[in-house]
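Working notes, beginning with the structure itself.
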Amino acid sequence: MDLNRLESRIREDASPAPAAKELLKTRYQADAEAFRQGADVRALVHSRADTVDRVLKLIWERYPFADSPDIALIAVGGYGRGELHPHSDIDLLILTRSGVEDGWHEDLSAFITLLWDLKLDIGHSVRSMAEGIEAAREDITILTNLLETRTIAGPDDLRQELSEQVYSDSVSTDRAYFIAKRQEQQARHEKYGDTEYNLEPNVKGSPGALRDIQTIGWITKRHFGLQDISDLVKSNILLEEEYQILLQGETFLWQLRYGLQLLADRNENRLMFDHQRALAQMMGYKDEGKRLGVELMMQSYYRTVLALAELTDVILQYYDEAILASGQEDDIQPLNKRFQMRNRYIEAINNQVFAYAPYAIMEIFVLMAQHPDIKGIRATTIRSLRAHRHLIDDAFRSDLGVTTLFMELLRTPHALEHTLSAMKKYNVLGRYLPEFGQIIGQMQHDLFHIYTVDAHTLRVIRNMTRLRGHEAKTEFPLACRLIHQLPKLENLLIAGLYHDVAKGRGGDHSELGAIDAEAFCKQHHLSERDTSLISWLVENHLLMSMTAQRKDISDPDIIHNFARAVPSQMHLDYLYVLTVCDISATNPKLWNTWRASLLRQLYIEAKRALRRGTETPVNRDEWIQATQSEAREILIAQNMTDEQIDTIWDTVDEDYFLQDSTVDIAWQTAAIIRHGDNPDPMVLIRDTRGGPTDGYSQIIIYVKDRVALFAATTAVLEQLNLNIVDARISSGVGDYAISSYVVLDEKGQPLGTDPARKDRVRKRLIEELDDPEDYPDIIHRRTPRQLKHFAFPTEVTFSNDTINQRTVMEVITPDRPGLLARIGQVLLDHRVRLSNAKIATLGERVEDVFFITDEQGAPISDASLCRDLQQGLCKVLDDTQ
């Protein structure tokens, strides 16, 4: 393509638009292809700006005002730096000396309209010199934009005069500007959760990303008058090594942003799931073993922004001292022979402390833990720490003084997660514990784990330290009580630090992590008893959550088997607290009152079993008889007769008396007796308080047993936008079935918060279940973007529960609306009966367990039926993703 010819056409054609569009498209496509072939992204970013410069200049020069010495077209902001990504905003200032002259209005309007017609992402303002200065004085964002300007067309003296004013104290003092930019940065960081580890990070605005680098550049320009961050090296403010970290980090983030905007075909800065895999492929990341290429790319991102966050801390702290503290007397407080506190920042007495006393690398963090008034580490000491990190080797890790200091850190009551986060930021934690270093920035590409492994681990530690305070008692009452009874808190903290440390290696991360934890304990001279406890906790850290969420914990045999795996009451206490802290740190949406109640119920039942002795399991028949006896007493006290009670109980299976509390059984039985011969379905709805369904709505349905009952009921509940978290079906020898569903509304609230809706739900269920032939098709709500992206094949597995004489079917599949209704339909088609269900939604992933039998109520022994059922489920569920 002859670019010179296109430029001539822009100048000379009656309308410049066709040639301008062709030039922009040609250069865009050439740059995009060059990026895919591995071209230097910095050259491409500047190339895009240069292309837009050419087009704007040529179009500007077509208008009469272009000859005036009193108007200029100025690039501002990122475009003013000469940086444009494929779909970046193009910020323009039309600057006049003293205002828009009468003959310019129509032409300026035509100029801007033409740029919009070219589909350029234009942001523009028209200001006189005085208006520009006043706008900069009133708005920090405008002031910042005007720090970076280039003249595209027209006289450059206008821009120079504006810049002189913008850089003067009459517009803003250095101090005021620095404070404003720091506050702006803090607000932006808070918007993104004040963490570098967002699941879908913004490569421009997230902590440690491009905006932080730009903030340094703006303050550098405003205070020092330097036009490029590289000038900080010449001014001895920045080390050459630090400049290279900034440059390489910015280049990597530019690559991500450039590729992201090509994929999205818009001004996109958020690394959304929709684009992460494709971007990883575009940038050449390939799967390595069990680790996906996209996970490797995201790990590179997280490690890059972590390093940039460390460096920007150093630079901005230096600016803080140079700008805010200039001329003020330092407040110095000695801490020991090696460290002191200066203006609430800890610093080494001299820069050689770490060289002659390497253990001081650990000591500085212990001192920070012991003195909570310390705000952070002083910039000069951070640099010294970085220069001596190479001293953290095997000899350092084995040094008794160092290991003693680390254990002292764990035992010091304070916000441990903050100290460990600082150790991680300054690359001390990952060097001291190399196994932890391997998981820094390691993302698991799903919606269940919304944090990197290291970030999740530190959140677990945070949860553990929070349990010792008063603010967590409402959300975690049992865990708050137990944590004060644990003999040694540091044992729990070490288990938390190591529970996921082996993720990403292949193999069972619990077993591998237990080996690492044991090695840590030995290196830190813990007793054999403590070592055994910590290793057991790491190896079994999923035992309690898996049992509570995927097994029927109302079954005495399940409780007995779980208790047999727990060596002592102390182990149970530690495991419960670890499990609570782990689940609540995985995903804020994962921890709820339902899971809390399941864990609490399992803990209480396991505690009873341990007290009773695991060698003497509960007799199933005795348990059922005791339950019936207690419930019968409650019913007789309500003037129910034995005959009425037995009429109902003789028609249900024995599992019914294992599933609910005696109060619930009495409540349901009394309601059924009162319902009498009414042909309509009986529907009871109540919000629960206490017990395993605390904080939820429970729906009890008593209706004639039909093979389509489960599919029909779940269809209606899902049409009503109710989320089913537990389902139990008690079908006996009679004509009726008792079904129990535990539900929440779409906002995660029980129905009691909306009495009118509760009544509508009850009436709708009665109406629909009265004649299931009339059920409407399941309403398919639009699948959320993230759920669509994480589609994966359905897995169906079978096993037989010989004790309870039933088959256990586990279904792992992507979540989507109408899921349970579809599963119910497949069971119906294969003439399979459902007796119970355990519902577990983990992010986008559903792991549901169904207890099923054949038509005669026996476990499914026909292998071909299991195979047909598996294939039928996979076909129906995978076709609806």
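The values are calculated or read from the model by the stated rules, or taken from the named source; none is laboratory data. Predicted model only: the values in this text are computed from it and were never measured. Cβ atoms come from the backbone with ideal geometry, glycine included; neighbour counts cover every protein chain shown. Ligands, DNA and RNA are excluded from the accessible area calculation, which covers all protein heavy atoms including side chains. Shrake-Rupley method; radii C 1.70, N 1.55, O 1.52, S 1.80 Å.
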- Note on the structure: Candidate cut points under GluC sites (Glu not before Pro) in region 515-622, DSSP loop plus at most 10 other Cβ atoms within 10 Å of their own Cβ, are GLU615
- Message: Tell me the accessible surface of THR113 in square angstrom (1.4 angstrom probe, heavy atoms of protein chains only), to the nearest ten.
- Response: 60 Å²
- For PHE339, the residues 5 or more places away or on another chain with a placed amide H closer than 5 Å to its own amide H are ILE349
- Message: Using the Cα centre of region 73-170 as origin and beta-carbon charges of +1 (Lys, Arg) and -1 (Asp, Glu), tell me which of LEU120, GLY99, ALA135 is placed farthest towards the positive end of the dipole.
- Response: LEU120
- Probe 1.4 Å, all protein chains in place: accessible area of LYS704 in Å², nearest 10? 110 Å²
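Tell me the Kirkwood radius of region 200-247: reciprocal of the mean inverse pair distance over distinct alpha-carbon atoms, in Å. Spell out each step's value before the answer.
On the way: mean 1/r = 0.0882 Å⁻¹.
It is 11.3 Å.
Report the local net charge at TYR345: Lys and Arg +1, Asp and Glu -1, summed over other residues whose C-beta lies under 12 Å from its C-beta.
-3
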- Message: Past 20 Å, Cα to Cα: identify those pairs from LYS119/LYS191; LYS25/LYS57; LYS375/LYS425; LYS57/LYS119; LYS181/LYS204, in the order given.
- Response: LYS119/LYS191
- Query: Once Lys and Arg get +1 and Asp and Glu get -1 on their Cβ, which of THR215, TRP254, MET272 lies farthest toward the positive end of the dipole of region 176-333?
  - Reply: MET272
- Amide H to amide H, which residues 5 or more places from GLY154 or on other chains are under 5 Å from it, using H placed in the peptide plane? LEU73
- In region 97-136, GluC sites (Glu not before Pro) in a DSSP loop with at most 16 other beta-carbon atoms within 10 Å: GLU101
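How long are the three semi-axes of the equivalent ellipsoid of region 303-457, in whole Å, if each is the root of 5 times an eigenvalue of the C-alpha gyration tensor, listed from largest down? It would help to have the intermediate numbers written out before the result.
On the way: eigenvalues 137, 82, 43 Å².
Over the Cα atoms of region 303-457, the semi-axes work out to 26, 20, 15 Å.
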- So who's got an amide H within less than 5 Å of the one on ASP91, skipping anything under 5 residues away but keeping other chains? H placed 1.01 Å off N, in plane. VAL76, TYR79, GLY123
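Hey, could you get me the Stokes-Einstein D for the chain, Kirkwood radius over alpha-carbon pairs, 37 °C and 0.692 mPa s, rounded to whole µm² s⁻¹? List each step's numbers first, then the result.
Values: Rh = 32.0 Å.
Rounded, D is 103 µm²/s.
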- Query: In terms of the Cα gyration tensor, with a ≥ b ≥ c the square roots of its eigenvalues, is region 361-423 rounded because a/c is under 1.5, prolate because a/b exceeds b/c, or oblate?
  - Reply: oblate
- Task: Determine the relative contact order of the chain: mean sequence separation of Cα pairs under 8 Å and six or more apart, normalised by residue count, in whole percent.
- Result: 6 percent
- Task: Please name whichever of TRP649, ALA737, PHE850 sits farthest to the positive end of the charge dipole of the chain, dipole taken about the Cα centre and charges placed at Cβ: Lys and Arg +1, Asp and Glu -1.
- Result: PHE850
- Task: Quote the charge dipole size of the chain about the Cα centre in Debye, to the nearest 20; the model charges only the Cβ of Lys and Arg (+1) and of Asp and Glu (-1).
- Result: 1660 debye
- Would you tally the net charge around ASN463, using a Cβ to Cβ cut-off of less than 13 Å, leaving ASN463 out, and scoring K and R as +1, D and E as -1? 0
- Mean accessible area per residue over the chain (1.4 angstrom probe, all protein chains present, square angstrom) is 43 Å²
- Assigned charges on the beta-carbon of Lys, Arg, Asp, Glu; region 317-363 dipole about Cα centre (debye): 240 debye
- Task: Whenever you get a sec, compute what percent of the accessible area on the chain sits on carbon and sulfur atoms (1.4 Å probe).
- Result: 47 percent
- Query: Residues with beta-carbon under 14 Å from that of ALA39, excluding ALA39: net charge, scoring Lys, Arg +1 and Asp, Glu -1?
  - Reply: +1
- Any idea what the dipole of region 522-622 comes to, in debye rounded to 20, about its Cα centre with Lys/Arg Cβ at +1 and Asp/Glu Cβ at -1? 240 debye
- Note on the structure: Residue-ordered couplings for region 572-580, obtained by feeding phi - 60° into the Karplus form 6.51 cos²θ - 1.76 cosθ + 1.60 and rounding to whole Hz (Gly and Pro as x), are 5, 4, 4, 5, 4, 5, 4, 5, 4
- Task: Could you give me the percent of Cα pairs per 5 Å distance bin for region 443-538, shortest bin first, beginning at zero and ending with the bin that holds the maximum distance?
- Result: 2, 13, 20, 20, 20, 14, 9, 2
- Is it possible to state the helix-based mean residue ellipticity at 222 nm for the chain, with each DSSP H run of 4+ residues giving -39500 (n - 2.57), the sum divided by total residues, to the nearest 500 deg cm²/dmol? What is it? -16000 deg cm²/dmol
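As a test of reading the structure, rank ASP664, ASP121 by solvent-accessible area (1.4 Å probe, protein chains only), most first.
Details: ASP664 25, ASP121 65 Å².
These residues rank, largest area first, as ASP121, ASP664.
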- Task: With θ set to phi - 60°, apply the Karplus curve 6.51 cos²θ - 1.76 cosθ + 1.60 along region 591-604 and write out the HN-Hα couplings as whole Hz, x wherever there is a Gly or Pro.
- Result: 8, 8, 5, 5, 5, 4, 5, 4, 5, 5, 5, 4, 4, 5
- Item | 3J(HN,Hα) from dihedral phi, region 531-538, Karplus parametrisation 6.51/-1.76/1.60, rounded to Hz, x for glycine, proline | 4, 4, 4, 5, 4, 5, 4, 5
- Task: With all protein chains present, calculate the accessible area of TRP218 using a 1.4 Å probe and round the result to the nearest 10 Å².
- Result: 20 Å²
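Can you list which of the GluC sites (Glu not before Pro) found in region 328-425 are DSSP loop residues with at most 15 other C-beta atoms within 10 Å?
Working: sites: GLU329, GLU347, GLU363, GLU408, GLU417; in loops: GLU329.
Those satisfying the criteria are GLU329.
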- Message: Please give the Cα centre distance for region 86-133 versus region 407-481, rounded to the nearest Å.
- Response: 51 Å
